[in-house]
Structure formats: structure tokens, C-alpha cells
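Chemist: This structure is in C-alpha cells; I'll ask about it shortly.
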Amino acid sequence: MIPNNSIRLITAELLQLFRDRTFLGLMLLLLVLMALATWNADGHVTEKREQNLVQQDIVYRADVELMAQIDSLHNGLATYEKSYTLPTSGVRLTYNNHRLARLPFKAFSLIAIGQGDLYGNYKKIVLYFKDSYEMNSKELVSPIEQLFGQLDLSFVWVFLLPLIIILVSFNILSLERETGRLPLIAAQPIKIWQWLLMKIGIRFLTICGLLLLFTFALLTVFGIPVWEHISLFGQLILVLVFYMAFWFFFGFAVNLAGYSSGKSLIILTGIWVLFVFLIPSIVNQLGKELHPIPSRLALVNNHQAAYNAIESDLDKEMEALYRLHPDWYSEDPVTKDMSNSTGWNINYLAKQYIAQLKHQPVAEAYEAQVDLKNEWSGGLRVLSPAMIVQRALAHMAGTSTQYYRSFLKQAQEYANTYRQYVFKRLFTNHAFTVDEIKNLSKFKFDEQRVSGTFANDLLALLLYLCALAIFMLVMIQKRIKIK
């Protein structure tokens, strides 16, 4: 049972809190920032969805047109003067009918834009384009850099929410001392640290409740079916509650130390700069120094050099290619006649493919270095709760480095499989049928290949809270001994 005097104190504190215009103004500011962030992120996600739909429509229309032309050819309703223009030719699939690899949008995509402000959720699989089989590592090479981007809920929660918490907690005890009311509080049948803990706890629970209400309302207004993903919403709230508790614990500790209001504010602001800006920046810079990424220009030049070298000994290279893929070899004169566009395209695509094989070890080494740096930087996220929460939110939104890297790898694997299928039939002058076009393989993103982070992130935040709790207990014991 809660003692009557404690109930009176809690009731009085709540009344005072909701009469405080500064507190109400900060809560209104938080709501406005969250609303703006949700609106901005929703517009961003909507635009990306529309881009995906446009690309899907392009692929669909191109396939429908190709199948209609094949039907017309078989029914004698259309004729073609040259073999490479035939709708049944693999040349058509190579140049006119690309495939599409799409990264699905998650239910809570708008809570964190992550790397989505730089890259789309689709990748064209175009067989004649050299980069279509590469990892295309133009994305941010360090996940820490995702902390800086467009305004979204992740930005508000990670960067701005701690500042609001600092502003409502930095002078709880010092204000009473500076206004001369502390002796009156000390005369009450409650210890000072208990009174301070109660005041901090009420603010913590109040902001937690308001944040939960704001988040649920905004996600619902912007069309997110929260009830259908209530477990994910619960994970989101749990991460945010732990993150807020971290900052309130610091507020309690600084108040208990007995500093003036000005000094308390400076200390808490310094802690905010340390965990939100300084540590992430240091980790990012160390990652660049310890695991430097080779120049992409050197990577491109290596690929071009491999392509140019093939020209000097093409016959030998083609023999090696057919030894590697004996099922690609054909005696059909159309495939050997360089004056024929089909033969010319086979020769051109073969050179690209051979160059890609020669370039592959260099490309793989580049990608391995990118992954190594990302893993190293990601492993040091435990040095800052801000970095931990940022990763957790980006992972829930499906916009983290891990998601995009996995998507690019899976798109590459799909492109390689699709290339093998089309090139075998192109090199042997196979005539594609309507059923074959209709049943062309489709890309499907395997989310199971992206390891979850929620348990590790929550454990790391819990360890921070435990460490702070021990630190506060030590401070309380010292304060009691001094008295």
C-alpha cells in the first residue's frame, strides 16, 4: 500500500506538473516535432512506393507486349526481317525486358528513413549493364552516418527527446534550493533523495505515457495498422522507454550531486553531446582510419582494364568461356555470324561476362572491406545508447545498413541466376515461348537472412540502466553518510 502522504505528494506533483506552462510547452513541441517528422517520412515512403509501382508497371507492360508479339508471330500476323528483332530472341529479353528486384516496405517504414534517403527499394536487373551484377556500394559505408539525415521520428527520438528530458529534469532539486523551499521539503516525513526520485519518476512516467499516446495516434493517422503489428509496436515502445530512462537516470544523478541549476544544465548537455554526437563521430572516424575503403574509381578502372584486355585475345577467352559453360555453345550459324546483330550481341555480352569474371575477385575484396568496416562500426554501437536506439529503430523500419546490404547481395544472386538462364538460351539461339516469358523467375527478398537486433539492443540498454542504478545507489549512500 502507498502511504497517504506519498499519495498526496504524487497528486500535488501531477497537478503542479500539468499547470507548468514550460512543461506543457515542451510536450506540445514534442508533439509538433513528431507530427512533422511523421508527415515528412510518410511523404518520403509514399514517393518510394509510387516509384516501385511505376517500375513494376514498366516490367509488366513490357512483358505483356512481348508475349503479344510472340503470339502474333506464331499466328502469322507479324513478320520480322532480321533475327535479332524477333520477339522470341533472347536479345529482346536482354535489352528491352528487364527484371526487377524489390526490397519490401515494412509496416513501420516511416519511423526511420535510414539509408532510404539515398537509395530506392528496387534494383533493375538489366543484363547488358555492367553494374547490374555488382554490389553497387555507393551507399554510406558506415552505419553510424545514418544518424544524420532527413527529419523522421528516429531523429526526433534519438536527438531531440533527450534534450526535452534534460529541460524538464535538470533543476528539480537545485530550483528548490535556490528559491529557499528546500528546508520545507526536508521537514517533510520523506528523505530528500526519495522526494527527488518521486519527482523524476512522475516526469518519466508522464512523458512515457504521452509519448506512447502521440506515437500510437500519429502512426494510426498516417495509415499504419498498429493493432495488426502490436508486438512490433510493443518493441518500439520498450526501446524508447529504456532510452528515456537512461536520460532520466542521469537527471536524477546530477540533481542528487547538489549542483546549481546552471551547472546541472551544462553537465547534462555535455553528456548529451558526448553520447549523441561525439562518440558516434569518433567511432566513424576510427572506422575510416582502421578499415579504409578503396577508391571506387580504382574499382571501375580495374573492370574497364579487364574488359579491354579481352579484346587482344578474344578467341582464347571465348574458348575458356565455353569450357566454363559448355551448354552455352552452339553450332547455329546465326550465333557465329558477326555481321548478324544476334551474333554481334552474343559477342558483346560474352566480353562483358568474361570481364566480370576477371573483375570479380577485386569487387569481392571491395565488398568484404565495406562489410568489415560496417561490422566494426556496428559492433561499437554499445558505446552510446543513441547509437543503439538508432540501429534498433532502423531495423524495425527495414531501412538499416543490414537490410540494404542483404538486399543488394540477394539482388546480385538473383541477377546471376537470371543471367545464366537467359544467356544459355541467347547463345544457343533459343526461341522463347509465351509460357517461358510468363514464368520467368521473380525476385523474392528473404528477410530471414537479416539477423534480428532487438534482443541485443534491449540488453545493451538494460546494462546501461543497471550501471546507472548502481552509480545512483552509491551516490545515495554517500549522501546519507555525509548527513
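Chemist: Using only Cα atoms and rounding to the nearest 10 degrees, what angle (0 to 90) does helix 401-427 make with the longest principal axis of the chain?
Modeler: The answer is roughly 10 degrees.
Chemist: Taking the square root of 5 times each eigenvalue of the Cα gyration tensor, what semi-axes in Å does the equivalent ellipsoid of the range 353-445 have, largest first?
Modeler: 38, 19, 5
Chemist: Please name which of Thr335, Leu26, Trp195 has its Cα lying farthest along the dipole of the chain towards the positive end, using unit charges on Cβ (Lys, Arg +1; Asp, Glu -1) and the Cα centre as origin.
Modeler: With unit charges placed on the Cβ atoms, the residue in question is Trp195.
Chemist: Which number do you get for Rg(Cα) / (2.2 N^0.38 Å) in the chain?
Modeler: Rounded to two decimals, the normalised Rg is 1.33.
Chemist: Something else now. If the reach is capped at under 15 angstrom between alpha carbons, list the aspartates and glutamates near Lys191, excluding any in the same chain fewer than eight residues apart.
Modeler: Leaving aside aspartates and glutamates fewer than 8 places away in the same chain, those within reach of Lys191 are Glu176.
Chemist: So if I restrict to the alpha-carbon atoms in the range 270-399, what is the Rg, and what is Dmax, the biggest pairwise distance, in Å?
Modeler: Cα-based Rg and Dmax for the range 270-399 come out at 23.5, 76 Å.
Chemist: State, as an integer percentage, the relative contact order of the chain based on alpha-carbon contacts under 8 Å between residues 6 or more apart.
Modeler: 27
Chemist: Using 0.36 nm times the number of residues separating Ser451 and Glu47, minus their current alpha carbon distance, what extension gain do you get? Please list the in-between numbers first.
Modeler: Working: separation 404, 0.36 × 404 = 145.44 nm, distance 2.77 nm.
Value of the extension gain: 142.7 nm.
Chemist: Report the FRET efficiency, 1/(1 + (r/R0)^6), for His430 and Glu65, where r is their Cβ-Cβ distance and R0 is 25 Å, rounded to 0.05.
Modeler: Step by step, r from the Cβ atoms, then E = 0.80.
Chemist: Looking at Asn284, Leu86, Ile271, which one has the Cα that reaches farthest to the positive end of the dipole of the chain (charges on Cβ: Lys, Arg +1; Asp, Glu -1)?
Modeler: Checked the options; the winner is Ile271.
Chemist: When the helix-only estimate is applied to the chain (DSSP H runs of n ≥ 4, each -39,500 (n - 2.57), divided by the residue count), what is the mean residue ellipticity at 222 nm, nearest 500 deg cm²/dmol?
Modeler: Rounded to the nearest 500, the figure is -22500 deg cm²/dmol.
Chemist: If r is the Cβ-Cβ distance from Leu77 to Asn340 and R0 is 22 Å, what FRET efficiency results, to the nearest 0.05?
Modeler: On the way: r = 25 Å, r/R0 = 1.12.
Using R0 = 22 Å, I get an efficiency of 0.35.
Chemist: Now a separate question. Which angle from 0 to 90°, rounded to the nearest 10, does the C-alpha axis of helix 385-397 make with the longest principal axis of the chain?
Modeler: For 385-397 against the chain, the angle is about 50 degrees.
Chemist: About its Cα centre, how strong a charge dipole does the range 27-126 have in debye, to the nearest 20, once Lys and Arg get +1 and Asp and Glu get -1 at the Cβ?
Modeler: 300
Chemist: Can you pull out the trypsin sites (Lys or Arg not before Pro) in the range 288-336 that DSSP calls coil and that have at most 14 other Cβ atoms within 10 Å?
Modeler: Values: sites: Lys288, Arg296, Lys316, Arg323, Lys336; in loops: none.
Loop-located and lightly packed - none at all.
Chemist: What is the Cα convex hull volume of the range 412-483 when expressed per residue in Å³?
Modeler: Measuring per residue, one finds 83 Å³ for the Cα hull of the range 412-483.
Chemist: Here's another thing I want to ask about it. Would you mind checking Lys48/Lys442; Lys48/Lys444; Lys48/Lys351 for any pair whose Cα atoms are more than 27 angstrom apart?
Modeler: From Lys48/Lys442; Lys48/Lys444; Lys48/Lys351, over 27 Å: Lys48/Lys351.
Chemist: Suppose R0 equals 25 Å. What FRET efficiency, 1/(1 + (r/R0)^6) with r the Cβ-Cβ distance, do Leu24 and Thr269 give to the nearest 0.05?
Modeler: Working from the Cβ atoms, E equals 0.65.
Chemist: If eta is 0.692 mPa s and T is 37 °C, what Stokes-Einstein diffusion coefficient results for the range 189-274, Kirkwood Rh from Cα pairs, in µm²/s?
Modeler: Reported coefficient: 220 µm²/s.
Chemist: May I pose another question? Please list 3J(HN,Hα) in residue order for the range 61-66, calculated via the Karplus relation 6.51 cos²θ - 1.76 cosθ + 1.60 where θ = phi - 60°; whole Hz, with x for glycine and proline.
Modeler: For the range 61-66, the Karplus-derived couplings read 5, 5, 5, 4, 5, 5 Hz, x marking Gly and Pro.
Chemist: Cα atoms only: what Rg and Dmax, in Å, come out for the range 232-333?
Modeler: For the range 232-333, the Cα radius of gyration and maximum Cα-Cα distance read 30.1, 91 Å.
Here, each number is a calculation from the coordinates, and none is a lab measurement. These numbers were taken from a predicted model, which means no experiment stands behind them. Backbone-built Cβ (ideal geometry, glycine too); neighbour counts: all protein chains shown.
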